[in-house]
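Student: Input: one structure, supplied below.
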Amino acid sequence: MSQTNTSLLDEVVQWSQETCRQKLKTVLPKLTSLHNNSESWDDHIRILKIITDMFLPHIGLSELEDECFSKILPKAVTMFDSMMKEILDQVGGLSSQNTELCSLLRNILQAMMQIIDALSTCVRHIGSFEEAPDLDAFRSLPTCILKVLRETFQHCKESEVVYCGRLSLVADLLQGLFKEAYSLQKGLLELLDRISLDSSASEEEVSDIVTVIHSLLDICSIISNLDIALHANTWKFLIKQSLKYQSLVEEHLHHGDISNSLCDNLLASFHNCVELAEQIKHAGLQEATQSPEYKLFQKTAKMCRFFANTLVHYIKEFKFFLTKYCYCFHQLYLQIISKIPPSLCAPTLPSTLSEELNAAALVPMDALVLHLLPLRPFAEVVLQQDLRLTPEHELPQSLLLVSVLGQLPSQPEEVLQLWYTGSKFSEETPRLPLYQAMFTSFRRCYTERQVPVLFPGVMMKGQAQVQVTLHNHICVQLCASVAALPPVYFHVLEHCLVDTVLQADTQTALLATDVWCFTARYGTAELCLHHVLLVAQLVKACTTECYKSVHLGLLLKRMVFLMTPNHQMELVARFPPSEVENLPVWQHVLLRALSHDARHRVETDIIGLTQKALTAWQNGGYKLGEVDKVNMVLLSLLAVVRVQSSPEEQCVLSAIRIITQLWLRMSPDQVQTHPVLQCTLQLLLSISAILVKDLESQVICQALLCVDAVVSQKCAGQLLAALQFLSSLGKIFVPPDSQNQILPRLSNLFGVLLADRSWLLHQHALEAFSQFAEITNHEEVISLSLGVEDIKTKVVNYLSKTVNAQEDVESRLQRLKLETAVIEQHNERLENNKENASNKPAAEAVAHSEPCPKRARQETSAEEYSRYIQTAESALKALQALIEDEANTTEPPPQWLESRLQELQTLITHISTARHTT
């Protein structure tokens, strides 16, 4: 700086305030020129301080920008940046021994503080005017200040890395620098808050406000971990300005950046809350509400609640500018709910901490969903047809859909149509109807259903809340929604219920069944009749026994209870039990659900049809090809006898006569050979277990012979029915003349079944044997059945409810998670019936990319001989039985049979000859 300029500055600093005011017009231009041309930091700061301290108070509001700020502030920012760069260039050599460098860096930091102080003076001066200033009067100031603040906060944030272990040499100045910046920002925000722009604001003013908002957003990302109060206050002002000038700035704001930053801050504070809560729990400090850890948790929870509420408010005001970010909001919801009980990956926390966490994050999530409901992109994200979620997000997705369902009744028609109907046209992004999405999501929560996770139940009649399962929780919400569903969407609900009942996952089908039954009860009697007729027709259409017929049968069984007596008679008239093709319907109906007249009609028709079928079978010579028809009527007969309690009733007497006739016809050898007769045996055993008190000893003995014949084959269906029958024998006293035939065989069967290695059969055997033992008069059967010590020990442990091995919670949870994929694959195979051909190339690609599987164990020579001989023997026995049956009829065997038998004889001779030759 020249001598003349130095003399001017030395002179000016001696002036009084009055002199400065008088010479403002002539001296200020010289000073601003000197400021811009100065190269030394010291000169720059000296001139800046003279201008702001001595001349600024005398500059009018209308002249501030043009005469002062626009000329000195950009240079001040440039000098500040050069100081920051110099620190970064020199800091590598900083050490306690290098006193010269240490002094230099400290001087630079002090100089930076002086620049910030000068800027604070500018802010205070503008704030001293009584009238609210226009932004044009100081438009350079906010931009320059925000640049300085950003650099300052960034430097403070990175100080540990920048000064690399030598922070203590400058820590006091950095702390002072941060405080000065903090104070400067506070003053600037207070000043900006006084400004008010109206619809006539210029483009420059609007641009300035937008720049301020975006600059503050940038600062927020820096100070998030520096100071909680500063962070919160900056966000408050940012949102406040966005809303204050909403109509002016909404088309210019970076809505994605703002909403994403809010989401990130919310998640960060939420995760910090969860971690702190876990630390407090593990340290046992939850009762010490005055502990530093608990106070920090409260502060963090307060920030979490602040960001959640701020995000909700921002979405409420700018929702139509946020449609591109609905995926982020969806993920945000899933991530938060996944860390809150009862989610399986959420920590278990003390009630005090859990309640604060729920208030901070869970409660605002419902409000978030409420404001997103009108947005089509949000519905498209949530209702995707093939929504691929991680396992920990499956339950949150279900809860999100429950939240949507609960809030829809208050929404306008266009929102209801968006969520209830699903996509209708090919040009739309595919989306499921809400009800279908809920059932699909529930199906995917296999692990949560098995654990099970529990929710607070609905308080009823003043009784305390109880914990309920996910099934119960969703069922209540679905039924409440059905009660408020506008009629125009009822057909969508019906389609979803039908589709869900017909899918493979049984518990999901049960949920749909519960909702369907509520719908039938809540609606009119005519609606119930209409649904029952529909379901009955579907049952009748299921020609084979499969999961669909089971699900539909369960639904039909429950819905018949809801029908009026007249409508039950109409059901009987539409599906008369006297016709064989209608029997599949009545096999699923509990006759005690029917009125007296309807029940009597059904019983009479089924008994008559059963007797007619048996007579036809007998007249036809008991052909094996006709057994399927007999089995069908027996299944319906089982439905009849299940509800009978008095053996004197005519239908029961008829049933006893029918099954007696069949038992005496059953041959143990034929049962062992023909699968169709094994089905007959299973039905006879189930019916006999109900009517056991009225069966003759000869019939019981024949039944035990047939059971003995199939035990070795281990067919689960027949053996479970056999156990039911064996258990029922405890109700009767076997006459002395039949005890030698029945009791030893009974104890032998119990012994064999109790020793079975199949866990399912073994468990049922234990249950059946314990029931038999409780009521039987033949105690010798008990002792004979328990002749093996190992079996005796297992029975004793079962009766005493001894648990051999307790699976720990974590192991069980991991096992259930592994089971999920297996069960879902099984359900998909059931639904597809056969492997999809389109998957074959993918399967081949996988096969080529993976190592070959372990080679299967090869059978030994003896095992192969045994297997083929058994197959041939079974086929020949079946052929023999068929020939013997046809010998009792007039129909001769086919003419080619004799020649084929000769060919088989030749083949056997050849095999025998080849064996001897070898």
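The values are calculated or read from the model by the stated rules, or taken from the named source; none is laboratory data. Note that the coordinates shown come from a computational prediction; the quantities given were computed from them, not determined experimentally. Cβ sites come from the backbone with ideal geometry, for glycine too, and all protein chains shown count toward neighbours.
Student: Touching a residue at least 12 places away in the same chain (Cβ under 8 Å) and closer than 30 Å to VAL170 by Cα, is that true of LYS49?
Tutor: Values: touching a residue at least 12 places away in the same chain (Cβ under 8 Å): yes; closer than 30 Å to VAL170 by Cα: yes.
The answer is yes for LYS49.
Student: Also, I was wondering about something else. When both residues are 6+ apart or on different chains and their Cβ atoms are under 8 Å apart, which pairs have a first residue that lies in the range 736-751 and is assigned by TED's automatic domain parsing to the domain that holds ASP790 and at pLDDT 90 or above, and a second that is surrounded by fewer than 18 Cβ atoms within 10 Å (Cβ to Cβ) and not in a helix (DSSP H, G or I)?
Tutor: What qualifies is GLY751/GLY787; GLY751/VAL788.
Student: Pull up the range 771-798, narrow it to residues that are touching a helix residue (DSSP H, G or I) at 6+ places or on another chain (Cβ under 9 Å) and among the acidic types (Asp, Glu), then point me to the one that is farthest from PRO735 (Cα to Cα).
Tutor: Looking at the filtered set, the residue picked out is GLU774.
Student: Specify which of the listed residues (LEU61, LEU94) is modelled with pLDDT under 90 and in contact with a Lys or Arg (Cβ under 9 Å, 6 or more places away or on another chain).
Tutor: Working: LEU61 fails: in contact with a Lys or Arg (Cβ under 9 Å, 6 or more places away or on another chain).
Being modelled with pLDDT under 90 and in contact with a Lys or Arg (Cβ under 9 Å, 6 or more places away or on another chain) holds for just one of LEU61, LEU94, which is LEU94.
Student: Name, by its number, the condition in (1) closer than 25 Å to GLN411 by Cβ; (2) modelled with pLDDT of 95 or more; (3) not aliphatic (A, V, I, L, M) that does not hold for HIS471.
Tutor: The number of the failed condition is (1).
Student: Within the group ALA137, ALA171, which residue is closer than 22 Å to ALA76 by Cα, modelled with pLDDT under 95, aliphatic (A, V, I, L, M) and out of contact with any Lys or Arg (no Cβ under 9 Å at 6 or more places or on another chain)? Write out each step before concluding.
Tutor: Values: ALA171 fails: closer than 22 Å to ALA76 by Cα.
Checking each option against the conditions leaves just ALA137.
Student: What about ALA361, is it buried (at least 22 other Cβ atoms within 10 Å of the Cβ) and among the small types (Gly, Ala, Ser)? So that I can check it myself, show each step before the final result.
Tutor: Details: buried (at least 22 other Cβ atoms within 10 Å of the Cβ): yes; among the small types (Gly, Ala, Ser): yes.
Judged against the criteria, ALA361 is a match.
Student: At least 2 residues that are of a type in the set (Lys, Arg) in each: list the helices (runs of 4 or more DSSP H) lying fully within the range 514-633 that qualify. Break it down stepwise before answering.
Tutor: Working: elements: 525-541, 547-560, 565-574, 583-586, 596-619.
Passing ranges, in order: 547-560, 596-619.
Student: Filter the range 392-411 for residues that are farther than 16 Å from HIS330 by Cα and either of a type in the set (Gly, Ala, Ser) or without any contact (Cβ under 8 Å) to a residue 24 or more places away in the chain (or both) and give the result.
Tutor: So in the range 392-411, the residues farther than 16 Å from HIS330 by Cα come out as 406-411.
Listed by number, the residues that qualify are GLY406, SER410.
Student: Here's something else I'd like to know. What is the residue count in the range 496-524 for residues that are modelled with pLDDT of 95 or more and of a type in the set (Gly, Ala, Ser)?
Tutor: 2
Student: Then there's this: Kindly establish whether ASP227 is more than 25 Å from ILE126 (Cα to Cα), assigned by TED's automatic domain parsing to the domain that holds LYS85, surrounded by fewer than 16 Cβ atoms within 10 Å (Cβ to Cβ) and under 39 Å from the mean Cα position of the chain (by Cα). Reasoning before the result, please.
Tutor: Working: more than 25 Å from ILE126 (Cα to Cα): yes; assigned by TED's automatic domain parsing to the domain that holds LYS85: yes; surrounded by fewer than 16 Cβ atoms within 10 Å (Cβ to Cβ): yes; under 39 Å from the mean Cα position of the chain (by Cα): yes.
Judged against the criteria, ASP227 is a match.
Student: Only one of these is in a helix (DSSP H, G or I), over 23 Å from LEU34 (Cα atoms) and either without any contact (Cβ under 8 Å) to a residue 24 or more places away in the chain or more than 57 Å from the chain's Cα centre (by Cα) (or both): GLU151, GLU100, GLU130, GLU67. Name it. Don't jump to the end; show me each part of the working.
Tutor: Values: GLU151 fails: either without any contact (Cβ under 8 Å) to a residue 24 or more places away in the chain or more than 57 Å from the chain's Cα centre (by Cα) (or both); GLU130 fails: in a helix (DSSP H, G or I); GLU67 fails: over 23 Å from LEU34 (Cα atoms).
Result: GLU100 is the single residue among GLU151, GLU100, GLU130, GLU67 that is in a helix (DSSP H, G or I), over 23 Å from LEU34 (Cα atoms) and either without any contact (Cβ under 8 Å) to a residue 24 or more places away in the chain or more than 57 Å from the chain's Cα centre (by Cα) (or both).
Student: What number of residues within the range 326-353 satisfy the criterion of being touching a residue at least 60 places away in the same chain (Cβ under 8 Å), among the hydroxyl-bearing types (Ser, Thr, Tyr) and within 20 Å of SER403 (Cα to Cα)?
Tutor: Number of matching residues: 2.
Student: Turning to a different aspect of this structure: Can you tell me which residue within the range 269-325, out of those that are among the β-branched types (Val, Ile, Thr) and assigned to a helix (DSSP H, G or I), is nearest to VAL382 (Cα to Cα)? Spell out how you get there, then give the answer.
Tutor: Step one: of the range 269-325, the residues among the β-branched types (Val, Ile, Thr) are 274, 280, 289, 300, 310, 312, 315, 323.
Okay, now just the ones that are also assigned to a helix (DSSP H, G or I), so 274, 280, 300, 310, 312, 315, 323.
Working: VAL274: 26, ILE280: 35, THR300: 30, THR310: 23, VAL312: 18, ILE315: 17, THR323: 13 Å.
Going through the qualifying residues, I end up with THR323.
Student: Also, I was wondering about something else. Just to be sure, is ASP669 in contact with a Cys (Cβ under 9 Å, 6 or more places away or on another chain) and either of a type in the set (Lys, Arg) or part of a helix (DSSP H, G or I) (or both)?
Tutor: Numbers: in contact with a Cys (Cβ under 9 Å, 6 or more places away or on another chain): no; either of a type in the set (Lys, Arg) or part of a helix (DSSP H, G or I) (or both): yes.
Taking the combined requirement at face value, the residue does not satisfy it.
Student: Checking the structure you have, find out if any residue of the range 277-290 is out of contact with any strand residue (DSSP E or B) (no Cβ under 9 Å at 6 or more places or on another chain), crowded, with 21+ Cβ neighbours inside 10 Å and either more than 28 Å from LYS319 (Cα to Cα) or at pLDDT below 90 (or both).
Tutor: At the first step, the residues of the range 277-290 found to be out of contact with any strand residue (DSSP E or B) (no Cβ under 9 Å at 6 or more places or on another chain) are 277-290.
Narrowing the set further to residues that are crowded, with 21+ Cβ neighbours inside 10 Å leaves 277, 280.
Applying the additional criterion that residues be either more than 28 Å from LYS319 (Cα to Cα) or at pLDDT below 90 (or both) yields 277, 280.
Yes, the conditions are met somewhere in the range 277-290.
Student: Okay, moving on. Return yes or no: is GLU190 closer than 29 Å to HIS254 by Cα, touching a Leu at 6+ places or on another chain (Cβ under 6 Å), touching a residue at least 60 places away in the same chain (Cβ under 8 Å) and of a type outside the set (Gly, Ala, Ser)? If you could, list the steps in order and put the result at the bottom.
Tutor: Values: closer than 29 Å to HIS254 by Cα: yes; touching a Leu at 6+ places or on another chain (Cβ under 6 Å): no; touching a residue at least 60 places away in the same chain (Cβ under 8 Å): yes; of a type outside the set (Gly, Ala, Ser): yes.
No; evaluated as a whole, the condition is false for this residue.
Student: A follow-up question, please. So, HIS551, is that one within 20 Å of ALA512 (Cβ to Cβ) and in contact with a Lys or Arg (Cβ under 6 Å, 6 or more places away or on another chain) or not? I'd like the intermediate steps shown before the answer.
Tutor: Details: within 20 Å of ALA512 (Cβ to Cβ): yes; in contact with a Lys or Arg (Cβ under 6 Å, 6 or more places away or on another chain): no.
Taking the combined requirement at face value, the residue does not satisfy it.
Student: Still on this structure: Those residues that are buried (at least 19 other Cβ atoms within 10 Å of the Cβ), hydrophobic (A, V, I, L, M, F, W, C) and over 16 Å from LEU217 (Cβ atoms), I need them from the range 136-155; list them, please.
Tutor: Scanning the range 136-155 gives PHE138, LEU141, CYS144, VAL148.
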